[in-house]
Amino acid sequence: QEQLVESGGGLVQPGGSLRLSCAAPEFTLDYYAIGWFREAPRKEREGVSCVSSYDGSTYYADSVKGRFTISRDKAKNTVYLQMNSLKPEDTAVYYCATHLRDQCSGNFYLRDFGSWGQGTQVTVSS
């Protein structure tokens, strides 16, 4: 199964940090551009960040630029999303997904992504 597994979510105070992990137990993530998305209650799923496999380019939604960083650890077959300076509006279930091509952009069209994980909950609250 080309399915992803997210982990690392939790409860943090505003201004805190979390590092989310995206793993693929049965295939190599490095062959794919990987995106991070989030879905808050009663809201549509929205793109957060993406890293290309073609040239390693990274992209971020305007709402997280300067606070979030996407990266790969090829040895661990894992893609990370480092989240700093967290805000209450960052509260959501976070998902990672494979892009259907080896390049991605800041458009984050859902139709461009294939395999998804089950998500990990991030709650930012005092």
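Overview of values
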item: Condition check for GLU46: in contact with a strand residue (DSSP E or B) (Cβ under 7 Å, 6 or more places away or on another chain) and not hydrophobic (A, V, I, L, M, F, W, C); result: yes
item: Output for region 25-56, where each listed residue is open to solvent by less than 20 Å² (accessible area, probe 1.4 Å) and modelled with pLDDT under 95; result: LEU29
item: Given (1) hydrophobic (A, V, I, L, M, F, W, C); (2) within 26 Å of GLN13 (Cα to Cα); (3) not in a loop (DSSP other than H, G, I, E, B), index of the condition ALA75 fails; result: (2)
item: Any pair with Cβ under 6 angstrom, 6 or more apart, that starts in region 106-126 at a residue that is part of a loop (DSSP other than H, G, I, E, B) and ends at one that is loosely packed, with under 12 Cβ neighbours inside 10 Å and not hydrophobic (A, V, I, L, M, F, W, C); result: SER126/GLN13
item: Residue, farthest from PRO25 (Cα to Cα), within region 82-105, restricted to residues that are touching a residue at least 40 places away in the same chain (Cβ under 8 Å) and hydrophobic (A, V, I, L, M, F, W, C); result: LEU86
item: Test: residue in region 90-103 that is assigned to a loop (DSSP other than H, G, I, E, B) and modelled with pLDDT of 95 or more; result: yes
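The values are calculated or read from the model by the stated rules, or taken from the named source; none is laboratory data. From a predicted model like this one, the values you see are computed outputs, not experimental measurements. Neighbour counts are summed over all protein chains in view; Cβ atoms, including those assigned to glycine, are modelled from backbone coordinates with ideal geometry. These area figures cover heavy atoms from the full protein model, side chains too; ligands, DNA and RNA do not enter into them. Shrake-Rupley method; radii C 1.70, N 1.55, O 1.52, S 1.80 Å.
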